[in-house]
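The values are calculated or read from the model by the stated rules, or taken from the named source; none is laboratory data. Worth saying up front: this structure is predicted, and the values here are computed from it rather than measured. Here Cβ is always computed from backbone atoms with ideal geometry, including for glycine, and neighbour counts include all displayed protein chains. Just so you know, the surface numbers come from the protein's heavy atoms only, side chains and all, with ligands and any DNA or RNA stripped out. Shrake-Rupley method; radii C 1.70, N 1.55, O 1.52, S 1.80 Å.
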Amino acid sequence: MSATMIQKRDGRVVPFEKEKIVAAIQKANAEVAEQERAEDALIDEILDDVLAEDREKLAVEHVQDMIEERLVKQNKYILAKKYIVYRYQRSLLRKSNTTDESILKLIRNENKELAEENSNKNTRLASTQRDYIAGEVSRDVTRRLLLPEHIALAHDNGVLHFHDADYFIQPIFNCCLVNIGDMLDNGTSINGKMIESPKSFQVACTITTQIIAAVASNQYGGQSVNVKHLGKYLAKSREKFKHQLDEEFGTSLDEESKKRIVELRLMDELRAGVQTIQYQINTLMTTNGQSPFVTLFLHIDDTDPYVEETVLIIKEILNQRLQGTKNEKGVYVTPAFPKLVYVLDENNCLKGGKYDDVTRLAAKCSAKRMYPDYISAKKMRENYEGNVFSCMGCRSFLSPWKDENGNYKWEGRFNQGVVSLNLPQIGILAKGDEEVFWKLLDERLALCYEALMCRHKALLGIPSDVSPIHWQYGAIARLKKGEKIDKYLLGGYSTMSLGYIGLYELTWLMKGCSHTEPDGKEFALRVMDRMKDTAAKWKAETGIGFSLYGTPAESLCYRFARIDREKFGEIKNVTDKGYYTNSYHVDVREPIDAFTKFTFESEFQNKSLGGAISYVEIPNMMHNTEAIEELIKFIYDNIQYGEFNTKSDYCHECGYDGEILVNDNNEWECPQCHNKNHAKMNVTRRTCGYLGENFWNTGKTKEIKSRVLHL
């Protein structure tokens with residue numbers, strides 16, 4: 001056997017090219033005296049040595065070591081030194097500092113990539129700039145010093161995406177389900193101040209928002225809070241009001257009047273408490289320069305002793321979201337946070353259930369505000385051993401885990417980090433050859449595993465003191481000061497997510513058709529199974545909770561496509577579109593109705609249990625509530641997680657809800673207030689939130705990048 005393949009630093013395996021070895025030695029030759037140079041015969045001998053290696057695949061570093069050793073053996077010390085210097089210079093070039101210019105551009109508001117990265121962050125604000133500066137420094141140090149060079153290069157070359165580079169130098173994790181019930185019932189501590197269990201609903205709401213802000217400031221990603229834990233405190237307020245009336249009026253006021261007054265006071269407190277949550281979340285600024293990225297989980301659970309109180313809270317949340325929040329001009333707009341996830345169960349799935357009225361209110365809210373999203377309790381129980389629980393703020397789901405008493409636990413758990421795989425790039429390199437594809441896929445999955453383990457190892461040995469709100473005061477745990485967090489990183493308590501982008505494009509490259517076609521679907525499902533089984537194997541081998549996660553990262557769809565277009569040129573139905581399709585989704589250009597899309601994608605959700613979302617677009621959604629209700633019924637029976645989009649535009653300046661058109665100067669312009677500030681318009685889709693530069697498509701029609709990324 002002779003060496004025929006070279007493994008590059010970014011993990012790619014490419015054919016051996018002797019010309020590159022010759023070129024490197026000749027560059028060193030040119031810098032030494034003639035008598036010190038390597039003759040052609042010596043160069044040929046070095047090539048023969050490399051080819052004679054009894055290995056099918058050689059690492060590029062090993063080949064370079066062989067060249068140095070052979071030069072030294074032939075007494076070419078000066079040449080060997082020049083070659084070593086050349087090699088070192090190349091290494092320094094790869095590790096050079098790249099942050100200076102990006103930071104200066106950020107301060108000058110010239111860094112478009114950062115400005116477009118997150119629509120929830122205004123890069124003109126000093127607080128946001130401070131966070132982005134920290135992120136830029138973290139990315140640079142991570143790439144140059146902390147990650148293995150081949151992992152850093154794999155990220156730079158779009159082989160994979162290391163999601164947590166912004167915060168990798170800090171001992172923080174990705175996202176979580178806050179154990180809000182424990183923190184409210186047993187008290188907590190924020191900024192060194194004890195917070196006891198609240199005695200009323202409004203105080204509970206205030207404490208909840210303070211917890212949310214503290215948690216958001218000490219982790220990388222989003223968080224989720226189950227609002228059912230507030231039901232107990234609404235009941236406490238009711239009892240408090242009853243007691244007050246009994247003390248004040250005794251028997252001089254009849255019981256029916258007392259009951260009416262209690263309910264009136266309770267409704268006032270309910271409105272005020274929910275308003276506190278909404279306003280606090282949208283006005284608090286965390287240390288990462290934005291409002292807390294938080295999701296409220298809305299589940300009407302019949303086993304909950306405070307289910308009726310929970311129903312009242314959910315209704316009020318939906319009513320206030322339906323109304324919207326006033327912007328600085330006093331116009332009601334859709335707030336970015338909190339995100340809402342509403343659970344469809346037997347009692348509210350629009351099939352004659354006791355709480356169908358709540359779901360109709362949710363549908364009305366979706367029609368106007370595009371939230372909530374919907375989870376089917378029926379499908380979720382099928383997938384998660386009979387359990388229903390919230391996704392984390394990043395939309396990833398935890399794997400089932402039981403405590404020492406055999407009880408399932410969801411809240412108080414978290415995701416350590418995410419690495420996403422560029423599937424289309426593998427298809428481009430495989431050129432339709434399945435044998436080559438599966439080999440490359442396995443190699444790149446191994447790279448993803450190595451990158452994820454870097455994330456895991458960076459958290460090992462961390463003391464609880466790094467984030468008391470998480471580790472000492474209940475959001476995740478109640479560890480002692482100085483105690484290590486390691487036990488929560490192992491045994492499947494927390495998760496590690498393997499993401500993936502572009503199953504549609506991969507299928508097109510390998511099969512010449514969409515994965516909605518029979519041949520394409522069969523191949524795509526095999527790819528999903530390989531990734532799912534690989535994650536399961538990692539979990540079995542390490543005890544770490546690896547899972548497959550349909551990455552909801554529209555900006556990453558664009559990044560991977562841009563990198564591959566630069567590398568491989570324009571490829572029909574792949575790089576020519578300017579985007580890759582997110583995870584397993586059907587491409588936006590395919591003619592497919594909402595019910596068929598949900599049915600088709602449900603087969604892929606079942607294999608992507610670490611995180612899966614499916615979207616459908618409903619035209620003129622504000623006047624199409626009936627269609628939304630029909631889809632809600634369908635979601636309950638057919639798919640675990642569904643969301644709705646619409647084509648209608650929105651102006652945040654004046655509240656205009658109609659179509660925003662392009663004027664004669666090719667600028668977006670609101671026809672009502674004539675606002676031309678793109679940042680003040682929602683001419684994108686909610687799933688992306690892209691607020692960046694527009695472009696002309698091939699049909700010379702003005703559109704925006706997120707328009708083709710929303711599915």
Taking region 239-249 as the search range and keeping residues that are farther than 14 Å from PRO198 by Cα and of a type outside the set (A, V, I, L, M, F, W, C), which one is surrounded by the fewest Cβ atoms within 10 Å (Cβ to Cβ)?
GLU247
List the residue pairs whose Cβ atoms are under 6 Å apart, where the first residue sits in region 186-206 and is modelled with pLDDT of 95 or more, the second is loosely packed, with under 13 Cβ neighbours inside 10 Å and not in a helix (DSSP H, G or I), and the two are 6 or more positions apart or on different chains.
GLY187/GLU196
Residue ranges of strands (runs of 3 or more DSSP E) in region 133-229 with at least 1 members within 22 Å of ILE563 (Cα to Cα) and open to solvent by 10 Å² or more (accessible area, probe 1.4 Å)
160-162
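For every residue, the table says whether it meets (1) surrounded by 23 or more Cβ atoms within 10 Å (Cβ to Cβ); (2) among the acidic types (Asp, Glu); (3) at pLDDT 95 or above.
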| site | (1), (2), (3) |
| --- | --- |
| PHE523 | no, no, yes |
| VAL527 | yes, no, yes |
| PHE546 | yes, no, yes |
| ARG565 | no, no, no |
| PHE568 | no, no, no |
| GLY610 | yes, no, no |
Please state which one of LYS378, LYS402, LYS364, LYS351 is in contact (Cβ under 8 Å) with a residue 60 or more places away in the chain, closer than 28 Å to LEU498 by Cβ and charged (D, E, K, R).
LYS378
Look through region 454-483, keep the residues that are touching a residue at least 24 places away in the same chain (Cβ under 8 Å), open to solvent by less than 40 Å² (accessible area, probe 1.4 Å) and not in a loop (DSSP other than H, G, I, E, B), and return whichever of them is farthest from LYS511 (Cα to Cα).
ILE469
If you check GLY491 against the conditions, is it assigned to a helix (DSSP H, G or I) and surrounded by fewer than 24 Cβ atoms within 10 Å (Cβ to Cβ)?
no
Selection from region 37-65 of residues closer than 21 Å to PRO148 by Cβ, of a type outside the set (Gly, Ala, Ser) and either open to solvent by less than 40 Å² (accessible area, probe 1.4 Å) or in contact (Cβ under 8 Å) with a residue 12 or more places away in the chain (or both) yields ARG55, LYS57, LEU58, VAL60, GLU61, VAL63, GLN64
Yes or no: GLU53 within 17 Å of MET5 (Cβ to Cβ) and either over 50 Å from the mean Cα position of the chain (by Cα) or modelled with pLDDT under 85 (or both)?
yes
Count of region 343-392 residues which are within 18 Å of GLY545 (Cα to Cα) and assigned to a loop (DSSP other than H, G, I, E, B)
7
Restricting to region 351-361, name every residue that is within 18 Å of ILE639 (Cα to Cα) and open to solvent by less than 20 Å² (accessible area, probe 1.4 Å).
THR359
Can you find a residue in region 576-585 that is closer than 26 Å to ILE428 by Cβ and surrounded by fewer than 20 Cβ atoms within 10 Å (Cβ to Cβ)?
yes
Taking SER420, is it open to solvent by less than 40 Å² (accessible area, probe 1.4 Å), over 27 Å from ALA152 (Cα atoms), in contact (Cβ under 8 Å) with a residue 24 or more places away in the chain and outside any loop (DSSP other than H, G, I, E, B)?
no
CYS365 being crowded, with 18+ Cβ neighbours inside 10 Å and in contact with a Phe, Trp or Tyr (Cβ under 6 Å, 6 or more places away or on another chain):
no
Filter region 572-606 for residues that are part of a helix (DSSP H, G or I) and among the polar types (S, T, N, Q) and give the result.
THR575, THR596, THR599, SER602, GLN605
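Here's the yes/no breakdown for (1) within 46 Å of the chain's Cα centre (by Cα); (2) farther than 30 Å from ALA475 by Cβ; (3) among the β-branched types (Val, Ile, Thr); (4) at pLDDT 95 or above:
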position	(1), (2), (3), (4)
VAL225	yes, no, yes, yes
GLY231	yes, no, no, yes
LEU234	yes, no, no, yes
LYS240	yes, no, no, yes
GLY250	no, yes, no, no
LEU253	no, yes, no, no
LEU266	yes, no, no, yes
Within the set of pairs 6 or more residues apart or between chains, which connect a residue that is part of a loop (DSSP other than H, G, I, E, B) and open to solvent by less than 10 Å² (accessible area, probe 1.4 Å) inside region 290-306 to a residue that is among the charged types (D, E, K, R) and at pLDDT 95 or above with Cβ atoms less than 8 Å apart?
ILE300/ASP345
Of the residues in region 393-417, how many are surrounded by 21 or more Cβ atoms within 10 Å (Cβ to Cβ) and outside any strand (DSSP E or B)?
8
Output the qualifying pairs, or none if there are none: Cβ atoms under 9 angstrom, residues six or more apart or on different chains, first residue in region 319-333 and closer than 14 Å to VAL358 by Cα, second residue of a type in the set (D, E, K, R).
ASN319/ARG271; GLN320/ARG271; ARG321/LYS368; ARG321/ARG369; LEU322/LYS364; LEU322/LYS368; LEU322/ARG369
Which one is farthest from ILE212 (Cα to Cα) among residues in region 325-366 that are among the aromatic types (Phe, Trp, Tyr) and under 31 Å from the mean Cα position of the chain (by Cα)?
TYR332
Scan region 251-286 residue by residue and report those that are part of a loop (DSSP other than H, G, I, E, B), of a type in the set (Ser, Thr, Tyr) and open to solvent by less than 50 Å² (accessible area, probe 1.4 Å).
THR286
Hits in region 191-210 - residues which are among the hydrophobic types (A, V, I, L, M, F, W, C) and closer than 16 Å to ASN282 by Cβ
CYS205
Would you mind finding the one in LYS20, LYS27 that is under 30 Å from CYS448 (Cβ atoms), part of a helix (DSSP H, G or I) and at pLDDT below 85?
LYS20
Could you go through region 423-436 and let me know if any residue there is outside any helix (DSSP H, G or I) and closer than 22 Å to THR534 by Cβ.
yes
Can you pull out the residues in region 335-350 that are at pLDDT below 95 and buried (at least 18 other Cβ atoms within 10 Å of the Cβ)?
PRO335, PHE337, PRO338, LYS339
Look at GLY324 and say whether it is open to solvent by 40 Å² or more (accessible area, probe 1.4 Å) and at positive phi.
no
